[in-house]
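Undergrad: There's a structure below that I have some questions on.
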Amino acid sequence: MIKIENVSMKFNLGVEKDNSLKQVFIKILSFNRKKKKKKEYFWALKNIDVDIKKGEVVGIIGSNGAGKSTLLKVVSGVYKPTKGSVTVEGSISPMIELGAGFDGELTARENIYLNGAILGYSKQFIDEKFEDIVEFSELRDFLDVPVKNFSSGMTAKLAFSISTIVNPEILIVDEILSVGDIKFQEKSKTKMMSMINGGTTVLYVSHSLESIKTLCTKVIWLDHGEVKMIGDTKKVCEKYYKEIMGR
């Protein structure tokens, strides 16, 4: 269902030159200092080879900067890999950076339609599902409030409710089960489980090993952009925990 072949992703750091008076003054004061040459790029992913079958729930773990979110964005089509290829069979619902498609000046009501359109939903479909979205989000009293006045938790709740109104064939999830209050986290987890039980293929990034163990059938451990280990959830999580705690 998802075939990741020899994927590498390079980012240019793109340090912009600053020719302002302030910067020139700083250069004059520091001209005698020995300067280290800064790297102009780095490899966020290196030669990733992974096959994910239909119905699998795959957790992705690793320290900050390991390449987890970058891999999700490559699979989702947000990034085109520098090398290699990704083949995806089936519709994808990416839940990455929830709320990124919102307009802060628009109300929650208006953003439901805007974000729904971005996700490819028709107005008629959103009309039919509007009450379900509002009910799940628990934001009925705030429908006509501009989203810029929402807390990050409220924004994420609204985005999650829109994104999960359909059951996609492939769900891409990045650290969203920790949004909102405890009650909403449980609702989100229940919703995820219903999708999983319905046969949805899931790629799930989280720093919570407990949620990884609960949800995932196998795990990919990334370290500095490379696959360090892939396989049984319990075994991979245990080795990862021991290494992290031993550092």
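Undergrad: Six or more apart or on different chains, Cβ atoms under 6 Å: show the pairs whose first residue is in segment 191-212 and modelled with pLDDT under 90 and whose second is among the hydroxyl-bearing types (Ser, Thr, Tyr).
TA: Here the result reads 191/164, each pair linking segment 191-212 to a residue that is among the hydroxyl-bearing types (Ser, Thr, Tyr).
Undergrad: Filter segment 96-142 down to the residues that are among the acidic types (Asp, Glu) and modelled with pLDDT of 90 or more and list them by number. Steps first, answer last, please.
TA: The first filter runs over segment 96-142 and keeps only residues among the acidic types (Asp, Glu), leaving 97, 103, 105, 110, 127-128, 131-132, 135, 138, 141.
Those that are among the acidic types (Asp, Glu) and modelled with pLDDT of 90 or more: 103, 105, 110, 127, 128, 131, 132, 135, 138, 141.
Undergrad: In this structure, is residue 120 on the phi > 0 side of the Ramachandran plot and outside the structural domain of residue 205 (by TED's automatic domain parsing)? First the steps, then the outcome.
TA: Details: on the phi > 0 side of the Ramachandran plot: yes; outside the structural domain of residue 205 (by TED's automatic domain parsing): yes.
It is true that residue 120 is on the phi > 0 side of the Ramachandran plot and outside the structural domain of residue 205 (by TED's automatic domain parsing).
Undergrad: Would you point out which residue out of 231, 225 is within 19 Å of residue 48 (Cβ to Cβ), surrounded by fewer than 15 Cβ atoms within 10 Å (Cβ to Cβ) and not aromatic (Phe, Trp, Tyr)?
TA: 231
Undergrad: Among the residues of segment 53-94, which ones are assigned to a strand (DSSP E or B) and out of contact with any Asp or Glu (no Cβ under 6 Å at 6 or more places or on another chain)?
TA: Selection gives 57, 58, 59, 60, 61, 83, 86, 87, 88, 92, 93, 94.
Undergrad: Just to confirm my filter: which helices (runs of 4 or more DSSP H) fall fully inside segment 146-247 and include at least 2 residues that are touching a Gly at 6+ places or on another chain (Cβ under 6 Å) and on the phi < 0 side of the Ramachandran plot?
TA: Filter on segment 146-247 gives 152-163.
Undergrad: All but one of (1) more than 19 Å from residue 1 (Cα to Cα); (2) at pLDDT below 85; (3) surrounded by 18 or more Cβ atoms within 10 Å (Cβ to Cβ); (4) not polar (S, T, N, Q) hold for residue 186; state the number of the condition that does not hold.
TA: (3) is the only condition that residue 186 fails.
Undergrad: Next question, about the same structure. In this structure, does residue 77 turn out to be surrounded by fewer than 16 Cβ atoms within 10 Å (Cβ to Cβ) and on the phi > 0 side of the Ramachandran plot?
TA: yes
Undergrad: Between a first residue in segment 55-77 that is farther than 14 Å from residue 4 by Cα and a second residue that is surrounded by 19 or more Cβ atoms within 10 Å (Cβ to Cβ) and among the acidic types (Asp, Glu), which pairs have beta carbons less than 7 Å apart while being 6 or more apart in sequence or on different chains?
TA: 69/174
Undergrad: Just checking, how many residues over segment 107-136 are closer than 17 Å to residue 154 by Cα and not in a helix (DSSP H, G or I)?
TA: Of the residues in segment 107-136, 1 are closer than 17 Å to residue 154 by Cα and not in a helix (DSSP H, G or I).
The values are calculated or read from the model by the stated rules, or taken from the named source; none is laboratory data. Everything quoted here is computed from the prediction, not taken from an experiment. Quick reminder, even Gly has a Cβ in these numbers, built from the backbone with ideal geometry, and neighbours come from all protein chains shown.
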